[in-house]
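Below: the structure, in structure tokens.
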Amino acid sequence: MHISEGLLSPPILVTGAVLCLCGTAYGLKKMDAAEVPTTGILTAAFFVASLIHVPIGPASIHLLLIGLIGLLLGWSCFPAMLVALFLQALFFQYGGLTVLGVNTVNMALPALLVYFLFSPLIRHKHYRVNTLGGFLAGSLAILGSGVLTSLSLALSGEPFVRAAQFILLAHLPLMFIEGFITAVVISFIKKVRPEILHRSSATELGLE
């Protein structure tokens with residue numbers, strides 16, 4: 001899911017950088033001291049999972065765990081993913097520094113959206129509802145990330161339209177894998193540390 005340097009048009013790069021900056025600044029503002037250890041652990045998990053990848057033209061397919069990260073971190077997913085992607089670009093040349101903003105938004109924005117959509121399900125008292133919420137969050141976060149990545153390429157020029165379509169199709173099987181993993185992890189957390197899941201999306205939105 002990393003877009004390489006030299007592929008995107010300047011307007012896409014600027015838009016991604018601005019959105020990334022805004023999301024990261026707000027995520028840091030919302031993060032309190034108690035959330036720092038969890039954020040660090042999930043940043044490391046995202047970093048390691050993303051290292052195991054299969055190249056697909058200008059991007060790559062690999063485990064992302066963005067649905068899980070979104071559910072557990074909320075707005076903090078922006079700084080978490082930015083740090084992980086920066087380190088990957090710096091040490092392993094995955095993606096690049098000029099596309100860092102776009103790559104971060106393409107992964108963090110779907111993670112944030114599934115947080116607001118499915119947090120009520122993972123906080124529900126019934127086990128099956130928790131599992132369903134985890135599966136939907138994991139799978140739809142991958143779909144959203146694939147759509148944004150493909151859109152970033154398609155809007156950068158006609159030569160990338162075919163590649164964008166192929167990348168989106170290639171990530172469809174990953175949806176079910178990520179959905180399953182997220183559902184299992186959420187179910188486990190619900191049993192051993194349910195308080196982790198009881199973040200309020202209303203508070204994140206400033207409604208409380």
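Quick check: anything in segment 95-115 modelled with pLDDT under 90 and either charged (D, E, K, R) or out of contact with any Ser or Thr (no Cβ under 7 Å at 6 or more places or on another chain) (or both)? Talk me through it step by step, then tell me what you get.
From segment 95-115, those modelled with pLDDT under 90 are 95-97; that's our starting set.
Next, from what is left, pick out any that are either charged (D, E, K, R) or out of contact with any Ser or Thr (no Cβ under 7 Å at 6 or more places or on another chain) (or both): 97.
Yes, segment 95-115 contains a residue that is modelled with pLDDT under 90 and either charged (D, E, K, R) or out of contact with any Ser or Thr (no Cβ under 7 Å at 6 or more places or on another chain) (or both).
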Problem - Count of residues meeting criterion [surrounded by fewer than 18 Cβ atoms within 10 Å (Cβ to Cβ) and not hydrophobic (A, V, I, L, M, F, W, C)] in segment 172-186 - result: 1
Practice task
Within segment 116-129, track down each residue that is in contact with a Ser or Thr (Cβ under 8 Å, 6 or more places away or on another chain) and either within 17 Å of LEU68 (Cβ to Cβ) or among the β-branched types (Val, Ile, Thr) (or both).
Solution key: PHE116, SER119, PRO120
Handout entry: Selection count where residues are closer than 12 Å to LEU65 by Cα and crowded, with 17+ Cβ neighbours inside 10 Å, scope segment 14-44
Key = 2
Practice task
Say whether the condition of being more than 16 Å from VAL48 (Cβ to Cβ) and in contact (Cβ under 8 Å) with a residue 60 or more places away in the chain is met by at least one residue in segment 79-86.
Solution key: yes
Completion exercise
In segment 139-155, residues that are aliphatic (A, V, I, L, M), in contact (Cβ under 8 Å) with a residue 60 or more places away in the chain and in a helix (DSSP H, G or I) total 4
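The values are calculated or read from the model by the stated rules, or taken from the named source; none is laboratory data. Note that the coordinates shown come from a computational prediction; the quantities given were computed from them, not determined experimentally. Using ideal geometry, Cβ is built from the backbone for each residue, glycine included, and neighbour counts are taken over all protein chains shown.
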